[in-house]
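Please treat every number below as a calculation from the coordinates, not as lab data. Only a predicted model underlies this, so the values are computations on that prediction, with no experimental measurement involved. Positions of Cβ are generated from backbone atoms using ideal geometry, with glycine treated the same way; all protein chains shown enter the neighbour counts.
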Amino acid sequence: MRGWGARVGVHVHLRTPHHQTPFCQPATPSHHPCCLTDTHTFNMGKRDEHDRHVAPETAQLDHCLADLSPSVLVLAGIGLLLSSWDRTCRSVSWLLTSMLLVYSLFFAWRANLDISRPLLLGVVERFWLQSDAAVCVLAGLGLSHAHSKLERWHGHGGLWKTTGWVFTLALLGQMGHTNHRVCDQSNNNVVERFGRELLASFPKDSLILTRGDLPGNSLRYLHYCQDIRPDIRLVDQEMMTYSWYVAKLGEHLPGVHFPGRWWDPVHHEQKDTFSLEQFLSHNTHRDVFACIGLTDGDPSWEGSFSRWPLGVCDYLVPAQRQFSPEQWAERTRSIYNWNEPHNSFNPASWERVANEEMWQARMKTAFFLFDLAERTHGEEKARLFELSYTLYTEIIGAHSVYPPNWDKNLALACERLLRSGHRGYSPDHLLTCSIQHFTLYLEKDPTDPQAAAIRSAVSHLLKERDRLRQSRKQTP
């Protein structure tokens, strides 16, 4: 039956570039895998000129309509219009309007975050608070001028004053009712639990290289403010590229050795700088972990060290250390106690990011073993594919709702295991598994750029399964 695996594998392999996973792009290291070779990282690069000028302004208007309400914007417009006729407050209204326009336009011009991503839109929204304040002041001027004009034209000053207060209280009540649930975070401890789970997973006296806001801030808060895991040492990767960081904090990190004044990922051969490989070599007396991922641009460590997945983080070990796939799979199988449902938080929140990291951490070892098998030969290759397949089936079988990319990964693992000789598994079962999970993946994520290639592969796998079953019927 080995011929069926080879037959399917050769056909699929010929449809993709050499040394690439079928239907995916070339594998690259990432802070966490979200398909077997995709990386889910936020694109912090600049957009084209049109997007940078138009999209942020449109998004800011949508923000004002949603958070401040159309009534506030109408009052702000009335305030600007009526105060322009009033010499006593004309300069104030024009000043506020100028500040609002200059700040908003300049920020829209200089901001380089992709606000099509909900999290980055949430980051940008924080910088709109100053503009919101100016709009609210203009709205207050509008209400005051409207009251004065109505009293002058129609009399009944008490009536308009009472109406103004009722309107103001109703507007404030409506905004409070709308935003209270979002703003009330008194029972929200998701990021704290994220940090606690990470800290609990590290061995004693570990050295943690943090990268990014989520692991950096959560771990630092718990470590320094709540004195959790005082035995570990935290070093910020981005900050280590500044000479003041090493000079100021180095003395507060006993047992951590810096082989220079700062880490320069690109020009580490210059005086007083050091590479990541040199830093790791000077700290081999500690277990070193990178959370989440490593800063790009310094591949010096790759020849001397290996990176093993430990949940959200990566374990950086000397290259000569022996790796035992079964033991590592067992160690990382239930590394975190995390029970938050998938997709259970606002897409613009850090809670959503923390939850997604924890969910993807469940499959990180399976991803690693699959990638390792791709670079291995012989019986070891089949063994790694089998272990990766086993881990994928375990995590998918344990959850009814899970990230869509898990289906894609399991489908690929089934195909690879079949190609490598299926190690006692029924070829029919592996073909069915691959077909089923590719189909589920397309149902959950029909916009995948490789959807057409996946559909073509499913069609081929169906034909191979039919051919296999037909040959069994003909075999006496």
(message) Rounded to the nearest 20 debye, what is the charge dipole size of region 49-183 about its Cα centre when +1 sits on each Lys and Arg Cβ and -1 on each Asp and Glu Cβ?
(response) 420 debye
(request) Would you mind calculating the relative contact order of region 289-363 from Cα pairs under 8 angstrom and at least 6 residues apart, reporting the percent as a whole number? (result) 26 percent
(message) If you take Rg/Rh (Cα atoms, Kirkwood Rh) from the coordinates, which of (1) 1.09; (2) 0.96; (3) 1.01 do you get?
(response) (1)
(request) Putting +1 on Lys and Arg Cβ atoms and -1 on Asp and Glu Cβ atoms, find which of LEU105, ALA398, THR168 reaches farthest to the positive end of the dipole of the chain. (result) ALA398
(message) Which residue, LEU276, TRP308, HIS223, has the largest displacement toward the positive end of the dipole of region 185-345 when charges sit on each Cβ (Lys, Arg +1; Asp, Glu -1)?
(response) HIS223
(message) Treating only the Cβ of Lys, Arg, Asp and Glu as charged (+1, +1, -1, -1), what charge dipole size does the chain show about its Cα centre? Round to the nearest 20 debye.
(response) 960 debye
(message) If I fit a long axis through the Cα atoms of helix 427-444 and take the longest principal axis of the Cα atoms of the chain, what angle between them do I get, 0 to 90°, rounded to 10?
(response) 10 degrees
(request) Determine the distance separating the Cα centre of region 179-221 from the Cα centre of region 382-411; give it in Å without decimals. (result) 27 Å
(message) Contact order normalised by length for the chain, with contacts defined as Cα pairs under 8 Å and 6 or more residues apart; what percent is it?
(response) 16 percent
(message) Pairs of alpha-carbon atoms within less than 8 angstrom and 6+ residues apart define the contacts here; what relative contact order does region 344-412 have, in percent?
(response) 28 percent
(message) Here is the link list: LYS248/LYS271; LYS204/LYS271; LYS248/LYS364. Which ones come out longer than 24 Å on Cα distance?
(response) LYS204/LYS271; LYS248/LYS364
(request) Sort 139-150, 358-369 for me by packing, meaning the mean count of neighbouring Cβ atoms within 10 Å per residue, highest on top. (result) 358-369, 139-150
(message) Charges at C-beta only: +1 for Lys and Arg, -1 for Asp and Glu. How large is the resulting dipole of region 341-470 about its Cα centre, in Debye rounded to 20?
(response) 340 debye
(request) With both partners inside the chain, how many of the DSSP beta bridges are antiparallel, as a percent to the nearest 5? (result) 50 percent
(request) Classify region 283-365 as rounded, prolate or oblate from the Cα gyration tensor: take a ≥ b ≥ c as the square roots of its eigenvalues, call it rounded if a/c is under 1.5, otherwise prolate when a/b beats b/c and oblate if not. (result) oblate
(message) Straight-line reach only, C-alpha to C-alpha below 15 angstrom: list the aspartates and glutamates that LYS161 could link to, leaving out same-chain residues fewer than 8 apart.
(response) GLU151
(request) Please report, in Å, the Rg and the Dmax of region 185-345, where both are computed over Cα atoms only. (result) 16.3, 50
